[in-house]
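A short write-up of the structure that comes next.
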Amino acid sequence: EDIDLSQLEGLVGLARASSAGWLAGRLRADVSVCESVVQQLLAEADGLARDRNGAEVLLALLGRTEYAQSVLDMLGDLSGLARSAAGSAFLQAALASGDPHSTGTQAGALAMKTDEPCVAVVGGSRCISAPALTTQNADDTWAADTGSEEVSVSATDLPATSSAQKNTISHAGGPGSAAEPAKPASPGDRVRMALVGLLRGRVPELVEDSAANRLVQAIIATGDSCMLELLIKEVTPVAGRLAGHPYGCHVVQRIVRECDSSLTSSIVADVAAAHPALVMEQHGNYSVQEVLLRPQSDYAQEVVETLCVDITAHCIHKHASNVVERAVRCVPSAAERITTALLEAPARKHSALHEVATSKFGNYVVQRLLQVAPDEKLIEALCRGPKLLGFGKHIHTALNRMGFAGNRGPSPRRSATSE
């Protein structure tokens with residue numbers, strides 16, 4: 001604690017080395033930091049953000065309100081930073097650095113004279129609004145600084161606010177609000193301001209990047225209404241393609257699962273429209289499963305009907321069988337519909353049910369049917385059909401557990417019990 005940071009040589013080198021944890025701790029603990037130390041670190045901010053150790057030091061500096069904006073200004077191209085693994089991790093940590101419990105005035109609305117965006121809570125979510133947006137013409141625009149360029153954000157891109165909400169987010173001393181001392185925006189709020197500019201016009205390419213898509217998922221997790229509306233607006237036109245993308249599928253799933261259904265209806269519709277091809281894709285099948293988690297929708301029933309058109313092929317397929325299982329578990333009456341389709345499907349060497357029950361992936365579908373809706377006709381067909389060999393042994397075990405003896409008919413034990 002007695003070491004004067006300003007006297008250390010190679011401070012940036014220390015920030016990149018294993019001593020980064022010590023340096024970060026000093027930056028957090030020191031009430032006042034020598035300006036020369038800050039300037040040395042800020043000069044290498046972009047490089048430090050891309051280094052695992054350096055990012056820890058930079059986060060400590062970002063956590064100090066007086067230096068937060070300077071750090072963001074020196075980061076350079078946020079788009080390129082988001083595409084690097086370490087840079088994406090840094091931005092995710094920076095996004096989470098604000099107080100998650102801040103509301104209204106606690107969010108730190110800036111004074112009107114600063115001409116900077118203010119952050120407030122609208123509809124239960126943290127929202128970025130334009131300076132004096134509630135008191136000036138709604139056609140005004142403001143700029144979100146991305147570090148290397150300014151992106152103009154129109155007031156029409158922000159959610160509409162009621163008169164009560166306007167009073168909540170109006171600036172200190174403005175009409176309809178009591179005069180309160182202005183507070184600076186928190187580091188986390190300043191990061192959100194910068195990320196709005198990063199997202200605008202770049203969402204699809206960020207979603208398809210291995211590192212940047214993790215940042216997009218972190219943005220979804222924040223529940224920030226402004227960023228979510230912008231994100232969903234740009235994902236919707238390409239939702240069907242992203243649903244089958246190795247990285248994009250994760251973002252589509254999180255949007256469908258975690259965002260309000262009124263905002264995601266178009267994305268769900270696009271995924272449902274592409275489901276005939278997606279169900280057999282390695283990544284797309286998981287996006288279709290998210291649609292099935294909304295069992296009351298017409299789209300879920302539509303997926304079930306598509307599966308039943310060629311139920312044998314879907315049940316024995318590695319990826320499509322997962323969708324069939326999900327339908328059996330989540331969609332009302334899907335188990336009965338799929339059981340009927342299996343029993344009525346055209347036979348090859350043996351019945352379609354026997355082919356599915358003895359296949360590597362299809363046997364899991366049959367086990368799920370026996371667990372969720374043990375139909376009498378299904379059990380009889382399995383007990384009296386050809387011997388269940390290979391993977392069919394799992395079906396035989398499941399039937400024995402239920403009190404039946406595989407393909408030899410009801411066991412004496414089950415018959416005696418029933419009598």
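Condition check for Pro386 on (1) in a helix (DSSP H, G or I); (2) open to solvent by less than 60 Å² (accessible area, probe 1.4 Å): one failure, at (1).
The set of residues in the stretch 365-380 being part of a helix (DSSP H, G or I) and within 16 Å of Val304 (Cβ to Cβ) consists of Val365, Arg368, Leu369, Val372. For the stretch 276-315, the tally of residues that are open to solvent by less than 10 Å² (accessible area, probe 1.4 Å) and more than 20 Å from Ala334 (Cβ to Cβ) stands at 0. In the stretch 404-419, the qualifying residues are those that are in a loop (DSSP other than H, G, I, E, B) and either polar (S, T, N, Q) or surrounded by fewer than 14 Cβ atoms within 10 Å (Cβ to Cβ) (or both), and the one that is modelled with the lowest pLDDT is Glu419. The residue of the stretch 338-372 that is surrounded by the fewest Cβ atoms within 10 Å (Cβ to Cβ), among those that are within 32 Å of the chain's Cα centre (by Cα) and closer than 26 Å to Asp298 by Cβ, is Val372. For the stretch 31-54, the tally of residues that are outside any helix (DSSP H, G or I) and either at pLDDT 75 or above or exposed (fewer than 14 other Cβ atoms within 10 Å of the Cβ) (or both) stands at 6.
Remark: pairs (first residue in the stretch 377-399, touching a residue at least 24 places away in the same chain (Cβ under 8 Å); second residue open to solvent by less than 10 Å² (accessible area, probe 1.4 Å) and of a type in the set (S, T, N, Q); Cβ separation under 8 Å; 6+ apart in sequence or on different chains) = Lys377/Thr339; Leu378/Thr339; Phe391/Asn363; Gly392/Asn363; His394/Asn363; Ile395/Asn363.
Of all residue pairs spaced 6 or more apart or on separate chains, none has beta-carbon atoms under 8 Å together with a first member in the stretch 33-49 that is under 12 Å from Leu14 (Cα atoms) and a second member that is of a type in the set (Phe, Trp, Tyr) and in a loop (DSSP other than H, G, I, E, B).
The values are calculated or read from the model by the stated rules, or taken from the named source; none is laboratory data. Just so it is clear, the structure is predicted and the values come from calculations on it, not from any experiment. Virtual Cβ from ideal backbone geometry, glycine too; neighbours counted across all protein chains shown. Just the protein is used for accessible areas: all its heavy atoms, side chains included, with ligands, DNA and RNA removed. Shrake-Rupley method; radii C 1.70, N 1.55, O 1.52, S 1.80 Å.
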